[in-house]
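Computed from the coordinates by the stated procedures, all read-outs in this text should not be read as laboratory data. It should be emphasised that the depicted structure is a prediction, and the values quoted were computed from it without experimental measurement. So basically every Cβ, Gly included, is an ideal-geometry build from the backbone, and we count neighbours across all protein chains shown.
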Amino acid sequence: MKKLFVDTNIVIDLISRREPFFEEAAELFSLADKHQVELSVSALTIANTSYVLLRQIDSNKAKSILRKLRLILNILPLNDKVIGLALNDDTFSDFEDGLQYFTAIEDEQDIIITRNLKDFKKSKLPTMTARQFIETI
């Protein structure tokens, strides 16, 4: 089973029903729900998603959504090694992208799924949009 590392923007597309990206994010999560792929995110994604949710809804509803996400997603640790790798790498101008990338590398993910392909141009892992991945299966 393919291990897909999901960037924060895909999770927010799903939970915020952001058009025109909601449908492809929903398809991706549906594949995980059917155990056709394994989806993972960094712990940072959960924190960032919570921040976005709390700007839209109250904390009880936000926590309920995050609890449901945990049923489908593996949450990978953001640890000292990952932070060190991101701080010492000049490949990523955006520190958050570096954190995401090195979390995926350290946890041996197969593919990074993001909407911002340009942010991962120098990735050693294949990187694609949710739509591109869905079209490969």
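So, in nm, how far is label residue 56 from label residue 137 when the simple model puts each one 7 Å beyond its Cα toward the Cβ?
Output for this residue pair reads 2.3 nm.
Can you flag which of 3/34; 3/81; 2/118; 68/122; 2/124 are past 25 Å Cα-Cα?
68/122
Just in the stretch 40-74: which trypsin sites (Lys or Arg not before Pro) are loop by DSSP and have at most 16 other Cβ atoms within 10 Å?
55
For the pair residue 93 and residue 67, what calculated FRET efficiency results from E = 1/(1 + (r/R0)^6), where r is the Cβ-Cβ distance and R0 = 41 Å, to the nearest 0.05? Intermediate values should be presented prior to the final figure.
Values: r = 34 Å, r/R0 = 0.83.
In this case the efficiency is close to 0.75.
Taking the Cα centre of the chain as origin, work out the dipole magnitude from +1 charges on Lys and Arg Cβ and -1 charges on Asp and Glu Cβ, in debye rounded to 20.
So the magnitude is around 420 debye.
Give me the Å³ per residue figure for the convex hull around the C-alpha atoms of the stretch 2-136.
Values: hull volume 14.1 nm³, N = 135.
It comes to 104 Å³ per residue, whole-number rounded.
Please state the relative contact order of the chain as a whole percent: Cα pairs under 8 Å, 6+ residues apart?
On the way: 181 pairs, mean separation 41.1, N = 137.
Contact order relative to length: 30 percent.
As a test of the formula, what do you get for the chain when each DSSP H run with n ≥ 4 contributes -39,500 (n - 2.57) and the sum is divided by the residue count, at 222 nm and rounded to the nearest 500 deg cm²/dmol?
On the way: 7 runs with 73 residues, N = 137.
That calculation yields -16000 deg cm²/dmol at 222 nm.
Which of the listed residues, 120, 84, 28, is farthest toward the dipole's positive end in the chain, when Lys, Arg count +1 and Asp, Glu count -1 at the beta-carbon?
28
Taking H placed 1.01 Å from N in the peptide plane, check which residues at least 5 places from residue 76 or on another chain put their amide H under 5 Å from its amide H.
41, 42, 43
What ranking of 114, 129, 45 emerges when the number of other C-beta atoms within 10 Å of each C-beta is taken as an exposure proxy, fewest first? Working shown, then result.
Working: 114 23, 129 20, 45 27.
Listed from fewest to most nearby Cβ atoms, that is 129, 114, 45.
Going 7 Å from the Cα of residue 106 along its beta-carbon direction, which residues of the stretch 1-25 have the amide nitrogen within less than 17 Å of the resulting point?
Correct set: 5-8.
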